[in-house]
Every structure is written in C-alpha cells, then in structure tokens.
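Next up is a structure, given as structure tokens.
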Amino acid sequence: HALTWQLVVTFPNPLHTESRCHLLAVAAFYHPSTRQDMAPFQNSCANRVSAGVAMGGAVGGAIGVCYGTYEAFAHKIPGILKVRHIGQTTVSSAAVFGLFLGAGSLIHCGK
C-alpha cells in the first residue's frame with residue numbers, strides 16, 4: 001500500500017513564462033504482518049534518525065534538482081556546466097535537508 005502526494009512548484013523566470021517542477025513523494029506503509037515482525041526495532045532512536053535523514057535527503061534532493069535546473073537556465077550557465085551545477089545543488093540541498101531532519105528526529109527522540 002502506498003500513498004502518493006504531488007507538489008507543483010512554480011518559479012518565475014526572466015522570459016515571463018511559467019516554469020513548473022513536479023515533485024512526487026511516496027510514503028510506503030508496511031503490511032500489518034511485517035509490522036509485528038519489526039516491533040522490537042520500530043521505536044529505536046537510531047531507526048528514527050536514519051529515517052529522518054533518508055526522508056530529508058529525498059525531499060532535499062528533489063527540491064535541489066528543481067532549484068538547480070531553474071538557476072542553471074536563469075543564469076545562463078554554459079553547456080555541460082549546467083549538469084555540474086544541478087548535481088552540486090542537488091547534493092548540497094539533500095545534505096542540508098537530511099542533516100536538519102535527522103537532527104530534528106534526534107531531538108524528538110529524546111522526549
């Protein structure tokens with residue numbers, strides 16, 4: 001069973017046309033029989049933090065791709081440097097989102 005959300009981000013650009021980037025986020029839910037098998041490990045702090053880092057990295061990477069692509073075309077970065085710029089933006093955005101969501105999960109875990 002999976003639930004899918006779609007987020008449409010609209011960026012203004014210098015050509016006065018509309019740029020859209022569609023982000024799909026999929027949340028997977030475990031089947032009840034597998035939840036019972038994982039019960040001892042489900043509430044451990046390390047699992048929560050690693051899940052937070054993974055979700056933050058996924059969301060940050062998706063946003064980084066959208067923003068990096070927009071920025072590469074808006075600033076007219078030449079040729080193959082566009083790919084490099086998009087990659088750098090994706091990795092840095094994923095790292096920052098993952099770091100903060102992991103830290104938030106760690107703080108929440110202590111409560």
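The values are calculated or read from the model by the stated rules, or taken from the named source; none is laboratory data. From a predicted model like this one, the values you see are computed outputs, not experimental measurements. No Cβ is skipped: glycine too gets one built from the backbone with ideal geometry, and neighbour counts run over all protein chains shown. The accessibility values were calculated without ligands, DNA or RNA, using every heavy atom of the protein model including side chains. Shrake-Rupley method; radii C 1.70, N 1.55, O 1.52, S 1.80 Å.
Would you rank F97, F73 by solvent-accessible area, highest first, keeping every protein chain in place and using a 1.4 Å probe?
F73, F97
What is the sum of charges around S92, taking Lys and Arg as +1, Asp and Glu as -1, for the other residues whose C-beta is under 14 Å from the C-beta of S92?
Value of the local net charge: 0.
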